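Quick notes on the structure that follows.
The values are calculated or read from the model by the stated rules, or taken from the named source; none is laboratory data. Not measured: the values here are computed from a predicted model. Note that each Cβ is placed from the backbone with ideal geometry, even for glycine, and that neighbours are counted across all protein chains shown.
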Amino acid sequence: MIFARRFCGEGRTLRFSVERDARAGWEVRQEEDDRVVKVMHCHDWHRVEGMMAAFDLKASELEQKGWRELAAGE
């Protein structure tokens with residue numbers, strides 16, 4: 001896993017992740033609770049960096065709303 005962040009708040013859980021995919025470059029994923037809401041396969045690292053920056057921005061917004069980032073294994 002290259003990038004993984006998970007947040008809880010308002011009775012929900014959001015997860016953002018980036019994983020290396022040997023066939024497609026990188027898999028960029030956003031999940032809400034137990035369902036996948038967005039999956040992208042990127043061949044261009046710059047696009048992956050842009051998605052991670054967008055996830056970081058969303059994470060900041062969630063934290064401002066009182067959401068809490070969960071540690072790995074939590």
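Go through region 9-21 and give me each residue that's under 13 Å from the mean Cα position of the chain (by Cα) and surrounded by 13 or more Cβ atoms within 10 Å (Cβ to Cβ).
Hits for region 9-21 are 13, 14, 15, 16, 17, 18.
Which residues, counting only those in region 61-74, are surrounded by fewer than 14 Cβ atoms within 10 Å (Cβ to Cβ) and in a helix (DSSP H, G or I)?
Correct list: 61, 63, 64.
Suppose the filter is farther than 17 Å from residue 67 by Cβ and assigned to a strand (DSSP E or B); does residue 6 pass it?
Spelling it out, it is not the case that residue 6 is farther than 17 Å from residue 67 by Cβ and assigned to a strand (DSSP E or B).
Name the one entry in 58, 38 that is surrounded by 11 or more Cβ atoms within 10 Å (Cβ to Cβ), in contact (Cβ under 8 Å) with a residue 24 or more places away in the chain and among the charged types (D, E, K, R).
58
Could you grab me the full set of residues in region 10-20 that are assigned to a strand (DSSP E or B) and either of a type in the set (Ser, Thr, Tyr) or out of contact with any helix residue (DSSP H, G or I) (no Cβ under 8 Å at 6 or more places or on another chain) (or both)?
Correct list: 12, 13, 15, 17, 19, 20.
Find the residue count for region 21-48, including only residues that are in contact with a Phe, Trp or Tyr (Cβ under 6 Å, 6 or more places away or on another chain) and either outside any strand (DSSP E or B) or modelled with pLDDT of 95 or more (or both).
Selection size over region 21-48: 2.
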